[in-house]
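Asker: Handing you a structure now.
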Amino acid sequence: QRMEQMLGAFQCDLSSISCEIRSLQEQSVAMTLRLRNRRAVRRQLGRLLDQLVVPPAMISTILEAPVTEPEFLEQLQELNGKIDSVKEQAFRETVACADVQHVLEKLKIKAVTKIREFVLQKIYSFRKPMTNYQIPQNALLKYSRFFYQFLLGNDRAVAQELREQYVDTMSKIYLSYFKSYTSRLMKIQAGLGGAWGGCWGHILGADPPFVLSPAVRGGGGERRSHGGGGHGQERYPAIIGERVIFGGHILELNIQSIQSTDPQKLGFLDTRPHYITRRYAEFSSAIVSINQTFPNEKTNALLGQLQVEVENFVLRVAAEFSSRKEQLIFLINNYDMMLGVLMERAVEESKEVEGFQQLLSARTQEFIEELLSPPFGGMIAFVKEAEALLEKGQLERLRGEEGKKTGGVLHFGDPPQILGFLRVFSPPPARVTQLARGFSSTWKASVESLSQDVMRSFSNFKNGTGIIQGALTQLIQYYHRFHKVLAQPPLRSLPVRADLINIHHLMVELKKHKPNF
């Protein structure tokens, strides 16, 4: 009984302890939640106070420090942030904003006033005679970016006033300088006989070199060249050497741009010269011209790399056209345009000119073959086949094994791939007769048609005329080779040889189809 009583008492004590533990757990959870809430409130209030409270250091700096001091710029950025924060909190109807708005407003007015006075002072200093405006302009540009942003956000009227003053002042200065500059260029041009190419070569290569800087306003003197021997000669190559670094960076950016250009994203494409290749030609010719006067190996290497990337770009664009003929027209138009610009502005012996001349020549020859294939492909294929057999001493095969086969009709205008199938089914005498008579009856209409096609396809009439001339010359050569093949023993007895057009007569007739521009 005593043990039972003792255990019962112990059980009651355990129940009491369990209740106390649960109570402590609930209190702990509540305390944790209150702590979390207080920390969240403290964090938000701390942020809000940091945004709203105006420290004494800011007030003293904005009121007293010169605008060129780093501390002023730092506190101005802080002030701008607090003004934006107060605007945001005022929109949320935060009551504490009323306590600092009047202080921030006074500081803003003071900052705007000091910035305005500083900027106007620098702008007005540009206008003084005998002033090197570059010095105050450098001081102005050092601080002007954030100053102008601050004014745009807090007083647009003052920002507009300063902008107008700066634009008006610098417009007058640059107008005066460029008038003086162009006047001197005209005098130099007149002294060199009016040839601009020789003018720039003379200016850049003069000994001592010309210094085409405008006269100091108010002084009236002209700074034409540096005498005394070495100063100008030492200074300008050094300046050019420094600028080559920047020019090389520009070339690298252009190379990257060309590499990443996707032809499918360029919109509608036609076979005329593309605007990107024209931009390259203008840019490259200028760099080539300068580099010929002041050679630089890095620039040469980058120009070569840029040319390779442009050539690859042109091939990528050409691949967007479905037919090989359109691809060749696009390539020829672009190579011809780039070559023309380079030859006009750079030395003809440059590697850029030589490279595009080779590309233009190769694609032009391929286009001529493509142009002659539809109307004269049958004859061309026969000539090439017969010459190959003649070289192997097997020309008799034209009247031998193949002559035993019949069937199929060979048309004069059949392209070579069809001819390759039909030739083994056509007796050579009939085949030669069809080719010879077909040429005699259709060559005039075919030449007229291909001439019109060429002149429609090429934007440069001179280039188009050259292609037509090349095509007619190639046609005469093929027909002359056709004559020579038919003069060989296996074929010389064919009656159709009497129907062949005299080569000299054909040349005279073809000259009538040569366009003149």
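Asker: Mind checking the full-extension length gain between ASP453 and SER171? Use 0.36 nm per residue of separation minus the Cα-Cα distance, one decimal, nm. Spell out each step's value before the answer.
Answerer: Details: separation 282, 0.36 × 282 = 101.52 nm, distance 5.29 nm.
So the chain would gain 96.2 nm between ASP453 and SER171.
Asker: I've got another one for you. Rounded to the nearest whole Å³, what is the per residue volume of the convex hull around the Cα atoms of the stretch 282-403? Walk me through the intermediate numbers first.
Answerer: Working: hull volume 17.9 nm³, N = 122.
It is 147 Å³ per residue.
Asker: Kindly sort HIS504, HIS480 by accessible area of their heavy atoms, largest first, with the probe set to 1.4 Å. Working shown, then result.
Answerer: Values: HIS504 135, HIS480 85 Å².
Ranked list, largest accessible area first: HIS504, HIS480.
Asker: Ranked highest first by the average count of other Cβ atoms within 10 Å around their residues, in what order do 67-75, 337-345, 143-151 fall? Display every interim value, and only then the final one.
Answerer: On the way: 67-75: 14.8, 337-345: 19.6, 143-151: 17.3.
Most protected by this proxy first, the peptides run 337-345, 143-151, 67-75.
Asker: Would you mind calculating the gained length between GLN488 and GLN121 on full extension (0.36 nm times residue separation, minus the Cα-Cα distance), in nm to one decimal?
Answerer: On the way: separation 367, 0.36 × 367 = 132.12 nm, distance 9.71 nm.
Contour length minus Cα-Cα distance gives 122.4 nm.
Asker: Between GLU354 and GLU164, 0.36 nm times their residue separation minus their Cα-Cα distance comes to what? Please report the intermediate quantities before stating the final value.
Answerer: On the way: separation 190, 0.36 × 190 = 68.40 nm, distance 5.15 nm.
Roughly 63.3 nm would be gained on extension.
Asker: Give me log10 I(q)/I(0) at q = 0.10, 0.11, 0.23, 0.25 Å⁻¹ for the stretch 53-154, Debye formula, one equal scatterer per alpha-carbon, no solvent.
Answerer: Here log10 of I(q) over I(0) equals -0.33, -0.39, -1.20, -1.34.
Asker: Still on this model: I'd like the FRET efficiency for MET3 and GLN25, computed as 1/(1 + (r/R0)^6) with the beta carbon distance as r and R0 of 45 Å, rounded to 0.05.
Answerer: Numbers: r = 33 Å, r/R0 = 0.73.
Rounded to the nearest 0.05, the efficiency is 0.85.
Asker: Mind computing the radius of gyration and Dmax over the alpha-carbon atoms of the stretch 436-492? Å is fine for both.
Answerer: That works out to 14.5, 47 Å for Rg and Dmax.
Asker: If we sort 174-181, 356-363 on the protection proxy, mean other Cβ atoms within 10 Å, highest first, what's the order? Don't skip to the end; give the middle numbers.
Answerer: Values: 174-181: 12.9, 356-363: 16.8.
Sorting 174-181, 356-363 by mean packing, highest first, produces 356-363, 174-181.
The values are calculated or read from the model by the stated rules, or taken from the named source; none is laboratory data. Only a predicted model underlies this, so the values are computations on that prediction, with no experimental measurement involved. Quick reminder, even Gly has a Cβ in these numbers, built from the backbone with ideal geometry, and neighbours come from all protein chains shown. What goes into the accessible areas is simple: the full protein's heavy atoms, side chains included, and nothing from ligands, DNA or RNA. Shrake-Rupley method; radii C 1.70, N 1.55, O 1.52, S 1.80 Å.
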